[in-house]
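To start, the structure itself, in structure tokens.
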Amino acid sequence: MICSNLEIKDGVLFFGGRSTVELANKYGTPIYVMDEKTVRKNCRTYLDAMRKYFGENAKPFYASKACSFKKIYNIVGSEGMGVDVVSVGEIYTAKVAGYDMKNVCFHSNSKNDYDIEFAIDNGVGCFVVDNIEELEAIDNFAAQKGIKQKILFRITPGIDTHTYEAVNTGKVDSKFGFPIETGAAMEITKIALTKKNIDLAGFHCHVGSQLFDSDVFVRSAEIMLKFIADVKNTLGYEAKELDLGGGYGVRYTEKDPVLNIEENIKQVAEYVKKLCKELNINEPAISMEPGRSIVADAGITLYKVGNVKRIEGYKNYVAIDGGMGDNPRYALYESEYTVVAADKSDEECNFTCDLVGRFCESGDIIQPSIKLPESVKRGDIIAVLTTGAYNYSMASNYNRIPKLPVIMVNGEEDYVAVKGETLEDIIRNDM
Ligand code: LLP
């Protein structure tokens, strides 16, 4: 199977050591199921590799946009990860979960005054600053509060990662950050050094997501370290920190390569050390911001089949009790997924069909042209694999359909980490 937390026993799919059929019967469908052990294992891969190869000052920050709810902050926090947030909603969730705000790094390319004041009032450790208006607003609020706010600048290294457009963020014309090529990155650094309430710790970049290119982090490290050296020579300022962003890819299907993250980090670290010597700069403390690779394979979604429609001479549909409201990724990016008939996992799959949702539009497809057993029928349990990242966090209430619960499994235990929404929740804010 595509991930090591999946196995088949007597025709039933097991996830994180638990029977998916039992979970579906106990909690109903549709549900997200997340495996706590896999989240922890993924955190440790980064923590161990980064400390081993970059040294004790290195730190991974979990990019919580991938999946954000209180329990996730508890889990990654207890492993020693920092977290990256992009909104007051994520800051608030982390804070209520008891997460240490010093280890929070606040992103977003458009923070308004409320966001900035809220983050400062809540003691957010670091801002990743995207534009000059934001720099000035932070400087003003920090002055009012009598503090010096630590920041990094988001720099656009000018790398095209050739993934799908929505996640390709490192190109010169990106909406994110200050490009090096145009001189904007150097200019803003010069300005920041004159601000009394700004503590510029260094620079940040993030070039894309679902990346398998083994040299992508090496390429961004090269551009960023050369920029750091240039800043040192031009302004006499030497960056203490360099954040290389997130982006490592995960396996959605058997076609996706297996990425050895530890090995990749080792290569990046060797390169960083070598280049720093050549450039005559101190090695900055390196951070990274994995999101998808922390939670994607720690999640699956369980549905029940509602109907099977055979349109003779055309195509077949299997419609489930969820869809684009809980997983919009095919509709948005034509993302691939592996689909399993969870209660018939040992049957041969010869029935070609589109797996479609219950939402009122034709684009509500979870996965086209998949193969399921011929016997598939109403009531069967369908598992969509690798849904732990950017599914719950991108869910909507389209068609006034309540959001799904998140059930956490942990070896022998299972528990509700997020309650499913009720009809009452759906009308809660209606006047
Ligand atoms: N850091 C920054 C600044 C980011 O913008 C992102 C993702 C990450 C870290 C984490 O990247 P990851 O390790 O998860 O690839 N909704 C899309 C993905 C959007 C990614 C946005 N930024 C999807 O479902 O594929």
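Values quoted throughout were computed directly from the atomic coordinates according to the rules given, and no laboratory measurement underlies them. Note that this is a predicted model, so its numbers are computed, not measured. Backbone-built Cβ (ideal geometry, glycine too); neighbour counts: all protein chains shown.
Phi angles across the range 194-204 convert, under the Karplus curve 6.51 cos²θ - 1.76 cosθ + 1.60 with θ = phi - 60°, into 3J(HN,Hα) values of 8, 8, 5, 9, 10, 10, 7, 8, x, 10, 9 Hz, Gly and Pro given as x. Partners of residue 111 within straight-line reach, counting aspartates and glutamates whose Cα lies under 14 Å from its Cα and excluding those fewer than 8 residues away in the same chain: 90, 130, 133, 134, 136, 139. Across the range 101-110, rounded Karplus estimates of 3J(HN,Hα) from the backbone phi angles (6.51 cos²θ - 1.76 cosθ + 1.60, θ = phi - 60°) give 5, 4, 8, 9, 10, 9, 9, 3, 8, 8 Hz, Gly and Pro being marked x. Across the alpha-carbon atoms of the range 98-250, the computed radius of gyration and Dmax are 15.4, 45 angstrom.
Looking at the chain, the DSSP beta bridges with both ends there are about 50 percent antiparallel. Label reach from residue 102 (point 7 Å along Cα→C-beta): in the range 109-141, amide nitrogens under 16 Å belong to 122-127. Residue-normalised convex hull volume from the C-alpha trace of the chain: 148 Å³ per residue.
Protection proxy ranking, highest mean first, for peptides 89-101, 285-297: 285-297, 89-101, where packing is the per-residue count of other beta-carbon atoms within 10 Å, averaged.
Protection proxy ranking, highest mean first, for peptides 193-205, 32-44: 32-44, 193-205, where packing is the per-residue count of other beta-carbon atoms within 10 Å, averaged.
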